[in-house]
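Asker: Below is one structure. I have some questions about it.
The values are calculated or read from the model by the stated rules, or taken from the named source; none is laboratory data. Just so we're clear, the structure is a prediction, and the values are computed from it rather than from any experiment. Every residue, glycine among them, receives a Cβ derived from its backbone with ideal geometry; neighbour counts consider all protein chains shown. Note: accessible area is taken over every heavy atom of the protein model, side chains too, but ligands, DNA and RNA are not part of it. Shrake-Rupley method; radii C 1.70, N 1.55, O 1.52, S 1.80 Å.
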Amino acid sequence: MRVLGLDPGLRVTGYALLEATPDGRAARLVEGGTLRVPAAGGLAERLAQLARDAGALVEELRPDAVAVEAVHSRSPFPQSAILLAHARGVLLACAAGAGVTVAEYTAADIKKSVTGRGAAGKEQVARMVERLLGLAGPLQPDHVSDAAACALCHLANRRAEAWRA
């Protein structure tokens, strides 16, 4: 099972492709990085660039599933949340258009899945991602670590579903 975790952003979107071990109990990082869209240009052009880049990424990495963090509905910065939602929509459409299963998780669900606490801080999540993936250091930038956390959350949910079945 290969899961592409995405941490959406209009300027920087983090991604991390994880591959579960055959028993599903562990995962390894296959690739991680960022998609960067120049701040210049109008919203439509920037979203079109993100769509091209995300489409190429999904085509190249061929994940079995894409996991994306949901938008905070009670954001203290509503304009930023709206712009983030535009970027998320592009990412969801790219994955679904490629025929890939899409899963969405709240930030609290991701944090709880990775650390055991839904209110964990960003640094704690990054340390646990590093530990769970057996890495020598934290993933950089934070967007990549957040994307890996999202993918780990999806893999954990799949294990739980299989266990319940």
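Asker: Looking at the stretch 51-63, which of its residues are of a type outside the set (Val, Ile, Thr) and surrounded by 15 or more Cβ atoms within 10 Å (Cβ to Cβ)?
Answerer: Just the residues of the stretch 51-63 that are of a type outside the set (Val, Ile, Thr), to begin with: 51-57, 59-63.
Once the filter is applied, which keeps residues that are of a type outside the set (Val, Ile, Thr) and surrounded by 15 or more Cβ atoms within 10 Å (Cβ to Cβ), the stretch 51-63 yields ALA51, ASP53, ALA54, GLY55, LEU57, LEU61, PRO63.
Asker: Assuming ALA95 fulfils every condition listed in (1) under 17 Å from ASP146 (Cα atoms); (2) touching a strand residue (DSSP E or B) at 6+ places or on another chain (Cβ under 6 Å); (3) surrounded by 14 or more Cβ atoms within 10 Å (Cβ to Cβ) apart from one, which condition is it?
Answerer: If we test ALA95 against (1) under 17 Å from ASP146 (Cα atoms); (2) touching a strand residue (DSSP E or B) at 6+ places or on another chain (Cβ under 6 Å); (3) surrounded by 14 or more Cβ atoms within 10 Å (Cβ to Cβ), just (1) comes out false.
Asker: Taking interchain pairs and intrachain pairs at least six residues apart, which have beta carbon atoms under 7 angstrom, with the first residue in the stretch 75-88 and under 9 Å from LEU10 (Cβ atoms) and open to solvent by 40 Å² or more (accessible area, probe 1.4 Å) and the second not charged (D, E, K, R) and not in a helix (DSSP H, G or I)?
Answerer: These pairs meet every condition: LEU83/LEU10; LEU84/PRO8; LEU84/GLY9; LEU84/LEU10; LEU84/VAL71; HIS86/LEU10.
Asker: Check whether at least one residue in the stretch 41-50 is exposed (fewer than 14 other Cβ atoms within 10 Å of the Cβ), acidic (Asp, Glu) and on the phi < 0 side of the Ramachandran plot, and report yes or no. Steps first, answer last, please.
Answerer: Start the filter on the stretch 41-50 by keeping residues that are exposed (fewer than 14 other Cβ atoms within 10 Å of the Cβ), which leaves 41-45.
Then drop every residue that is not acidic (Asp, Glu), which leaves 45.
From the residues that got through so far, the ones that are on the phi < 0 side of the Ramachandran plot too are 45.
The answer is yes, given that some residue of the stretch 41-50 is exposed (fewer than 14 other Cβ atoms within 10 Å of the Cβ), acidic (Asp, Glu) and on the phi < 0 side of the Ramachandran plot.
Asker: Here is a list of conditions, (1) over 14 Å from VAL66 (Cα atoms); (2) open to solvent by less than 60 Å² (accessible area, probe 1.4 Å), and HIS154 meets all of them except one; can you say which number that is?
Answerer: (1)
Asker: Additional query: Out of all the residues in the stretch 1-25, which are in contact (Cβ under 8 Å) with a residue 12 or more places away in the chain, open to solvent by 40 Å² or more (accessible area, probe 1.4 Å) and either under 15 Å from LEU139 (Cα atoms) or in contact with a strand residue (DSSP E or B) (Cβ under 9 Å, 6 or more places away or on another chain) (or both)?
Answerer: Kept after step one, since they are in contact (Cβ under 8 Å) with a residue 12 or more places away in the chain, are these residues of the stretch 1-25: 1-20, 24-25.
From what is left, the residues that are open to solvent by 40 Å² or more (accessible area, probe 1.4 Å) are 1-2, 11, 19, 25.
Once the filter is applied, which keeps residues that are in contact (Cβ under 8 Å) with a residue 12 or more places away in the chain, open to solvent by 40 Å² or more (accessible area, probe 1.4 Å) and either under 15 Å from LEU139 (Cα atoms) or in contact with a strand residue (DSSP E or B) (Cβ under 9 Å, 6 or more places away or on another chain) (or both), the stretch 1-25 yields MET1, ARG2, ARG11, GLU19.
Asker: So in the stretch 105-129, with the set limited to residues that are out of contact with any helix residue (DSSP H, G or I) (no Cβ under 8 Å at 6 or more places or on another chain) and open to solvent by 30 Å² or more (accessible area, probe 1.4 Å), which one is nearest to ASP53 (Cα to Cα)?
Answerer: Ranking the qualifying residues of the stretch 105-129, first place goes to THR106.
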